[in-house]
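> Just passing along the structure, written as structure tokens.
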Amino acid sequence: MFAAEVYQQRRSQLLAGAQPGLLLFIGNVDAPMNYLHNPYPFVQDSTFRYLFGLNDPGLAGVIDTRSGKATLFGDDVDVDDIVWTGPLPTLAERAARAGVSQTRPYAALEEVLREALLNGVAVHYLTPYRAETVLELARLLGRTADAVKRGASQPLARGIVALREIKGPEEVAEIERALEVTREMHIAAMKAARPGAVEYQAVGAMEGIMRSRDWQLAYPSIFSRRGEVLHNHRHDQVLQAGDLVVNDTGASADTGYASDITRTIPVGGKFSERQRALYETVLAMQLEAIAAMRPGVKYFDVHKLSARTMVARMLPLGFFKGTVEQVVESGAYAIAFPHGLGHQIGLDVHDMENLGENLVGYDEHQQRSELFGLGYLRMGKALKTGMVITVEPGIYFIPELIDAWRREGKFADLIDYDKFDEYRDFGGIRIEDNVLVTDSGSRVLGAPIPKTVAEVEAVMAA
Ligand code: GLY
Ligand code: MN
Ligand code: MN
């Protein structure tokens, strides 16, 4: 946890722009794997953790805009609980660590909310994303689940996004702490990705590093020789010399801050000539995007810059026809780069997307595109100092997509389908880093993780 003042300051900043009433934040509860007392690793609701710091289940926070006071609702453990879970600091002690001086038993929350509603005081809450929270809000507010979902406050969500999307130095330091471990994991994976190994053996070596610190993953690892399957969570294939493995893996620090890194590994230790040409294209897409990032630049335009870099390099290789502008503006380029350039990252790997992807990534100055590929871009709006964004271009050969577009005659004047066919067993390449927007430009967070052809080959040879 940070110092209590950090949470006090966050809550007062939220209050400054809040609509009058009670601001209600329900923390997460344990989620059972198969029965109640066999839970998944606990993950706190990120907005609750952002405002109240505490990483225990069964808590709720209320901020009253009239008094400016925050109250933490929860229960002290009794001796029956202690037998199973061990002692915990009292609720008042825990609240003090978050700078909250007022606590109430959890059971009092219902009465406080009912009384507010009876007196015409509005209760503002965020759209719940877990069924347990939907049911709890329904119980507390005396509404149906549908009414709960409809009744979430958009102004409150916008206020939270405005706060959470600008990372303070203490948050950037935590993302960098997560990246230190993620860096170690990626280097271990490069060394473990030997011909004959099964993917899960390399994954085990890599994830063990995070587990040995009692940390969690920020998302399920993607580690696959079938890198063209964008979110491939299977790890059951035997690695063969000549494969490219896409490794998209990131640890979360114990403070909850995420990291999200992708490297592409040549099994056998050396990139082939044809792999190297496209790997260096993806690297150029990424480096040029990072160099273009600064406050005021729309990430939508950075995505398109990255697409232009790709097409300018793939045209002479024979993949596309026409001009760079035609291939990019038509959306034809997305046959090879069908996802967005990146997203915000913080306490969540896709930060705040539970509040709505468009609310986080778009605004009145930038609407989401309807084109295939560009339409998957999660972050399109202008960059601001203090944002942390992933930059993750890629090139993929997805046989089913190539076949479907060829059959439809899609972009037949812009795409050389015979050339794409020659690469249908190529797999994919993605390179991803986490980048802070600074006053004057941008900074790749964390110590460098081997990324150039020479750096990756050197680690694998060691
Ligand atoms: N790790 C998922 C992503 O890069 O968005
Ligand atoms: Mn990723
Ligand atoms: Mn990502």
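The values are calculated or read from the model by the stated rules, or taken from the named source; none is laboratory data. As the structure is a prediction and not an experimental result, all values here were calculated from the model. Don't worry about glycine lacking a Cβ; one is built from the backbone with ideal geometry, like all the others, and counts go over all protein chains shown.
> Only one of Ser224, Ser153 is closer than 24 Å to Leu355 by Cβ and over 19 Å from the mean Cα position of the chain (by Cα). Can you tell me which?
Ser153
> Assuming Arg407 fulfils every condition listed in (1) more than 16 Å from ligand 2 (Cβ to nearest atom); (2) part of a loop (DSSP other than H, G, I, E, B) apart from one, which condition is it?
(2)
> Out of (1) in a helix (DSSP H, G or I); (2) within 16 Å of ligand 2 (Cβ to nearest atom), what's the single condition that is false for Leu401?
(2)
> Is it the case that the stretch 215-235 has a residue that's in a helix (DSSP H, G or I) and either more than 11 Å from ligand 1 (Cβ to nearest atom) or not basic (Lys, Arg) (or both)?
Checking the stretch 215-235: not a single residue is in a helix (DSSP H, G or I) and either more than 11 Å from ligand 1 (Cβ to nearest atom) or not basic (Lys, Arg) (or both).
> Hey, could you check the stretch 223-246 for residues that are of a type in the set (Val, Ile, Thr) and buried (at least 21 other Cβ atoms within 10 Å of the Cβ) and say which is farthest from Val267 (Cα to Cα)?
Val246
> Restricting to the stretch 206-228, and then to whatever is more than 22 Å from Gln344 (Cβ to Cβ) and in contact (Cβ under 8 Å) with a residue 60 or more places away in the chain, can you tell me which residue is farthest from ligand 3 (Cβ to nearest atom)?
Among those residues, the one meeting the criterion is Arg225.
> As an exercise: evaluate Gly256 against (1) in a loop (DSSP other than H, G, I, E, B); (2) under 30 Å from Tyr7 (Cα atoms); (3) within 15 Å of ligand 2 (Cβ to nearest atom) and give the number of the one condition it does not meet.
(3)
> Phe420 - would you say it is more than 16 Å from ligand 1 (Cβ to nearest atom), under 21 Å from Thr281 (Cα atoms) and out of contact with any Phe, Trp or Tyr (no Cβ under 6 Å at 6 or more places or on another chain)?
Criteria met by Phe420.
> Shifting gears a bit: Sort out which residues of the stretch 259-290 are part of a loop (DSSP other than H, G, I, E, B), touching a helix residue (DSSP H, G or I) at 6+ places or on another chain (Cβ under 9 Å) and among the small types (Gly, Ala, Ser), and write them in order of number.
Passing the criteria: Ser259, Gly268, Gly269.
> Let me ask something additional. With (1) surrounded by 13 or more Cβ atoms within 10 Å (Cβ to Cβ); (2) at pLDDT below 95; (3) part of a helix (DSSP H, G or I) as the list, and Val134 as the residue in question, which single condition is left unmet?
(2)
> I'd like to know if the stretch 351-360 contains one or more residues that are within 16 Å of ligand 2 (Cβ to nearest atom), under 25 Å from Thr264 (Cα atoms) and part of a loop (DSSP other than H, G, I, E, B).
Within the stretch 351-360, one or more residues are within 16 Å of ligand 2 (Cβ to nearest atom), under 25 Å from Thr264 (Cα atoms) and part of a loop (DSSP other than H, G, I, E, B).
> Is at least one residue of the stretch 291-303 closer than 26 Å to Ala404 by Cα, assigned to a helix (DSSP H, G or I) and within 27 Å of the chain's Cα centre (by Cα)?
The answer is yes, given that some residue of the stretch 291-303 is closer than 26 Å to Ala404 by Cα, assigned to a helix (DSSP H, G or I) and within 27 Å of the chain's Cα centre (by Cα).
> Please work out which one of (1) in contact with a helix residue (DSSP H, G or I) (Cβ under 6 Å, 6 or more places away or on another chain); (2) assigned to a helix (DSSP H, G or I) is the condition Leu341 fails and give its number.
Going through the list (1) in contact with a helix residue (DSSP H, G or I) (Cβ under 6 Å, 6 or more places away or on another chain); (2) assigned to a helix (DSSP H, G or I), Leu341 breaks only (2).
> Restricting attention to the stretch 377-411, and to residues there that are without any contact (Cβ under 8 Å) to a residue 24 or more places away in the chain and surrounded by fewer than 16 Cβ atoms within 10 Å (Cβ to Cβ), which single residue is nearest to ligand 1 (Cβ to nearest atom)?
Only one residue fits best here, namely Glu400.
> Among the listed residues Val459, Val435, identify the single one that is within 16 Å of ligand 3 (Cβ to nearest atom), hydrophobic (A, V, I, L, M, F, W, C) and at pLDDT 95 or above.
So the residue among Val459, Val435 that is within 16 Å of ligand 3 (Cβ to nearest atom), hydrophobic (A, V, I, L, M, F, W, C) and at pLDDT 95 or above is Val435.
> Right, something else. Please count how many residues of the stretch 196-211 are surrounded by fewer than 16 Cβ atoms within 10 Å (Cβ to Cβ) and in a helix (DSSP H, G or I).
So the answer is 4.
> Here are the criteria: (1) part of a loop (DSSP other than H, G, I, E, B); (2) surrounded by fewer than 18 Cβ atoms within 10 Å (Cβ to Cβ). Tell me which single one Lys167 does not satisfy.
All conditions pass for Lys167, except number (2).
> Return the residue satisfying two criteria in turn: it lies in the stretch 361-374 and is in a loop (DSSP other than H, G, I, E, B), out of contact with any Ser or Thr (no Cβ under 9 Å at 6 or more places or on another chain) and touching a residue at least 40 places away in the same chain (Cβ under 8 Å), and of such residues it is nearest to ligand 3 (Cβ to nearest atom).
Gly373
> List every residue pair whose Cβ atoms lie under 6 Å apart, where the two residues are 6 or more positions apart in sequence or sit on different chains, the first residue falls within the stretch 6-29 and is part of a loop (DSSP other than H, G, I, E, B), and the second residue, located anywhere, is among the charged types (D, E, K, R).
Hits for this filter: Gly27/Asp45; Asn28/Asp45; Val29/Glu132.
> Please go through the stretch 423-456 and give me each residue that is touching a Phe, Trp or Tyr at 6+ places or on another chain (Cβ under 7 Å) and of a type in the set (D, E, K, R), ordered by number.
Matches in the stretch 423-456: Arg424 only.
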